[in-house]
């Protein structure tokens, strides 16, 4: 998973770099278009198009029957039954293409999330660095872990850490001084661990969390390599502000996805006939 | 501003220019900087000392003069005089506090909230079918309404006594008088583990809550307004947690999804908070936290919860999204009208150093915003435009720190106050820096006016008007032995009371037919006013041996404008310089002491005889029309744009 993420990160960083200085909606629209086309083609190649056409005809016939015999309750009920039956058949026919698409779709969305779901730090902005430790550390009355944080020039450690034993968590407050890509260094008894920090207003990959290895951790947070297994650190968080897809006041980590889904659907429906795809 | 709005405005203006319109008028731009509380004598002194070079430059090139203030010289009154060109008799603002004649309940004078109309009741809930409202109580036409009518694009930022904004200017942000989310001028919260902290005292302008650390965590609630969807009055709250480090003086705040790390002695940035009324209705607010101590006792100050300018729950700007534009450009800001938390210092919840730090934060926000507003103003394509920008920092800090200029003040301590010796001077230097910045940014054809609403002086002594009225036989109390009068006239025996004081300078006759329990016949009113006025002028402060009252102004003589005079006091008391009304008397209490030393942190004031505390008027060129008084200034400003005949009085 880590190897795959590494490839995907490079691929998406390169593919989205032409849009990094543009309004976020431009990149989202282009990705939606490309993905809409790609998914249409996958759908076309992996689904039984003739059967789908036939099933849709059956559904239309059922609807027609309802309109035609609207004074005959028995006929209407029979038509509804037919429609439901063919609807289920239609759904069944979409399972295979959906299975083909679901994995790449999740991987792609996960990559996009870390390009568009968060805003970068601006110089002067503050953020929290939260380090979550495993069971071996802390607990109520637990000993304060000997972990220190070092910041490169361009970042400033303003306060901390605060140690919250009940949550096994150390938190620092940092602030951005200059634009740039940085690595914070956490020093533990087992060695050094880094955490990326991007001080930039452009659309670039940002990692709000670096997690320990694990399939779901890597599936959902692919923006950075997993933490080494030898460390007691389970997660390092960085509080990037939520993204807004370029629309002030619409701050949410999922704002971009609304635009992405709507645009993908629009593109897919607009292009289904030119691409001769039955949906 | 949108990138296309400049060219578009120009394109739209071209036809107008071609066919006359305002194209015949010369291009005119004017900037007015309103600096609340800037005192004429002090300004002159600092100018002579050479520490206000930009002010001196203006004085050389234009005018520098005292600007006669309002009677009484209180900010809402004074700014209303400026806005309308009329005195209180015309605009209806006589004090910070008025009293409702039907109920005798004091209320804030500049705006009034109206509850929602019909509601549908369902169990413990109620659902309003129509919204409530908030009404600006200032009457008369604002001078920028005339400017806009005459084609002058106006930007009015933080004008006092302008909440809700008139909506007449191109851009407006409301100022003094804008409430916090609970509807007050600012209610802070203080969370403490100190047992019985402030017990027995009611705090003005703040609430104290006990907060205990348990397993390293303090859990508490932020308190919002009453929930309008509940039939029974109940404040809406939102929870927050403070995680305290077991060893270090540092804590982590958790409010909803927001987290902040604060060391002891640090202020947070603005933290958004949300108060949920019902699942589909909530109110967005924002506040700052100050971690005062984590051990041995936990102490956390939370600023009054302000409206979130990105989604304000009340109309604080015009257009409605202008507040959001300002916040997006320069950051979230105090939306409450008077952001400096003077009450927290008065109640000693904040120390002087802490208050100064808080006031600095507020001042910097307003200064940052000025740069943006001025830049927008300068880049506007409109040939005729007007900007008013208000600075309240000097006034509020002068109230709390004026003692440093007065070694004879009862609370002056040379050792303690030496730390703050230059505070007032620094405020004037800051104002000078703003003027210098403005002069650098503006072109030579722009008229610059720097003005203040009133001056300042030391407040050494307090005089309780209600206690004097009682001693003089004009006011009777029900219980002469009441140990602590809570105010609101609870101890006043109306059946034997002929006059009473409420507000900072107001004295009212208990008039039959006007007051609910009035006993004075209307025909006796004027004679009684004169009798009381004459006696007040004879009152001598036993400690200082000087009169407590400099002048008195019966309503009929004090106010030349008419229409709203019935709201106001029958007599305006012009306290002698150095003396002010007692804080208790202002809200209808009858304290035991008639005179007392002012031992509060509030050591500077201006609520005296208006002739003793003039403001200033500085311009970069002589004005076409003289403005000896604040209420003449709006007319003079309009005259600069070639507009005559302001204000239009009712009698006109």
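Summary of computed values
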{"item": "Residue within the stretch B:269-284 that is assigned to a loop (DSSP other than H, G, I, E, B), crowded, with 17+ Cβ neighbours inside 10 Å and more than 10 Å from chain A (Cβ to nearest Cβ) present", "result": "yes"}
{"item": "Lone qualifier among B:256, B:265 - being farther than 22 Å from residue B:307 by Cβ and within 14 Å of another protein chain (Cβ to nearest Cβ)", "result": "B:265"}
{"item": "Any hit, the stretch B:463-479, residues being buried (at least 17 other Cβ atoms within 10 Å of the Cβ) and in a strand (DSSP E or B)", "result": "yes"}
{"item": "Output for the stretch B:291-309, where each listed residue is within 14 Å of chain A (Cβ to nearest Cβ) and surrounded by fewer than 18 Cβ atoms within 10 Å (Cβ to Cβ)", "result": "B:295"}
{"item": "Residue under evaluation residue A:223, criteria (1) in contact (Cβ under 8 Å) with a residue 12 or more places away in the chain; (2) surrounded by fewer than 20 Cβ atoms within 10 Å (Cβ to Cβ), criterion not met", "result": "(2)"}
{"item": "Residue match in the stretch B:509-516 (condition: touching a residue at least 40 places away in the same chain (Cβ under 8 Å) and surrounded by fewer than 16 Cβ atoms within 10 Å (Cβ to Cβ))", "result": "yes"}
{"item": "Spans of strands (runs of 3 or more DSSP E) in the stretch B:504-612 with at least 1 residues under 25 Å from the mean Cα position of the chain (by Cα) and closer than 29 Å to residue B:103 by Cβ", "result": "B:506-509, B:549-554, B:571-575, B:579-581"}
{"item": "Exclusive hit being more than 30 Å from residue A:26 (Cα to Cα), surrounded by fewer than 21 Cβ atoms within 10 Å (Cβ to Cβ), under 23 Å from the mean Cα position of the chain (by Cα) and more than 14 Å from chain B (Cβ to nearest Cβ), set A:194, A:231, A:188", "result": "A:194"}
{"item": "Single unsatisfied condition, residue A:248 versus (1) part of a strand (DSSP E or B); (2) within 14 Å of chain B (Cβ to nearest Cβ); (3) in contact with a helix residue (DSSP H, G or I) (Cβ under 7 Å, 6 or more places away or on another chain)", "result": "(1)"}
{"item": "Residue within the stretch B:365-388 that is under 24 Å from residue B:31 (Cα atoms), crowded, with 22+ Cβ neighbours inside 10 Å, outside the structural domain of residue B:290 (by TED's automatic domain parsing) and in contact with a helix residue (DSSP H, G or I) (Cβ under 6 Å, 6 or more places away or on another chain) present", "result": "yes"}
{"item": "Meets criteria (over 30 Å from residue A:20 (Cβ atoms) and either within 14 Å of chain B (Cβ to nearest Cβ) or in a helix (DSSP H, G or I) (or both)) for residue A:115", "result": "no"}
{"item": "Wholly within the stretch A:131-185, strands (runs of 3 or more DSSP E) carrying at least 3 residues that are closer than 30 Å to residue A:204 by Cβ, more than 30 Å from the chain's Cα centre (by Cα) and within 12 Å of chain B (Cβ to nearest Cβ)", "result": "A:155-164"}
{"item": "Scan of the stretch A:252-276 for residues that are within 14 Å of chain B (Cβ to nearest Cβ) and touching a residue at least 40 places away in the same chain (Cβ under 8 Å), ordered by number", "result": "A:253, A:254"}
{"item": "Failed criterion for residue B:259 (all others in (1) surrounded by 15 or more Cβ atoms within 10 Å (Cβ to Cβ); (2) in contact (Cβ under 8 Å) with a residue 12 or more places away in the chain hold)", "result": "(2)"}
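The values are calculated or read from the model by the stated rules, or taken from the named source; none is laboratory data. The model shown is predicted, which means the values in this text are computed figures rather than measured ones. Cβ: placed from backbone, ideal geometry, glycine included. Neighbour counts: every protein chain shown.
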